[in-house]
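Worksheet for the structure shown next.
The values are calculated or read from the model by the stated rules, or taken from the named source; none is laboratory data. Please read these numbers as outputs of a predicted model, since none were measured by experiment. Cβ: placed from backbone, ideal geometry, glycine included. Neighbour counts: every protein chain shown.
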Amino acid sequence: MPTETLVPPPPGRAASRRPLPRLLRRLARPRRLGTVGLVLYALGLGAVLGLASANWATRGRYPFGGVALNAWTAWPKIGSRDADPYVRAIHARTGEIPLALGEGLLLTAITDDAGRRLDPSCRYRIAGATPPARAWTLTVESSRRPKPAPRAGAAPPPRTGFTSTEVLRDRDGRFAVALSPTVQPGNWLPMPAGEGSVRLVLRLYDTPVAASTGVLEREGVPSITREDCP
């Protein structure tokens with residue numbers, strides 16, 4: 001009686017029924033690229049990774065050299081000769097002119113005193129006093145692109161900051177600024193519209209603490225308190 005012998009398919013035959021896309025097959029077998037192809041592939045990959053990392057490191061936020069003071073971070077060396085290459089690249093990209101050691105000190109904050117990121121939909125209270133300085137400015141910035149300049153006759157743009165000469169103070173010389181998307185009594189600083197990240201910037205001009213941030217005290221910087229959030 002004749003019998004039929006079943007021969008199993010060779011290994012890999014079943015998997016080959018659905019051929020891989022051409023790009024995946026090339027990546028899976030890079031030997032077919034040759035030496036020149038591998039060199040070009042490595043150079044292209046390195047260029048893409050290098051450009052991406054450089055773009056991330058120079059977006060406008062200083063990566064190194066900060067001194068933490070509660071929610072604030074002081075940047076004492078961004079305007080000195082000892083500034084690192086990343087800081088120099090950020091200034092070249094943004095066009096910002098930093099404060100030199102003899103001119104002042106820059107402090108930034110992206111969180112409140114509880115460590116929560118500043119939310120554009122919340123209301124905050126920035127209160128207290130600033131380190132000794134001849135003058136200072138407090139501004140709010142957003143990562144969203146700025147809107148085009150208004151046309152003639154249009155409403156003026158909202159306030160983006162206060163100066164030490166125009167902020168309202170109490171009898172003790174302390175101040176309180178309300179950072180909110182809705183109108184508030186007193187020193188109201190409008191919150192930038194949109195969903196981008198928010199940053200507070202405090203610039204001290206002609207201050208003795210610019211030469212050494214070691215004399216700064218945590219109680220000497222304004223507090224940032226979240227009061228209401230929808």
Determine whether residue 119 is closer than 19 Å to residue 194 by Cβ, modelled with pLDDT of 90 or more, acidic (Asp, Glu) and assigned by TED's automatic domain parsing to the domain that holds residue 72.
yes
Evaluate the range 120-127: report whether one residue or more is surrounded by fewer than 17 Cβ atoms within 10 Å (Cβ to Cβ), more than 20 Å from the chain's Cα centre (by Cα), not in a strand (DSSP E or B) and not aliphatic (A, V, I, L, M).
no
Every listed condition ((1) modelled with pLDDT of 65 or more; (2) part of a loop (DSSP other than H, G, I, E, B); (3) not aliphatic (A, V, I, L, M)) holds for residue 153 save (1)
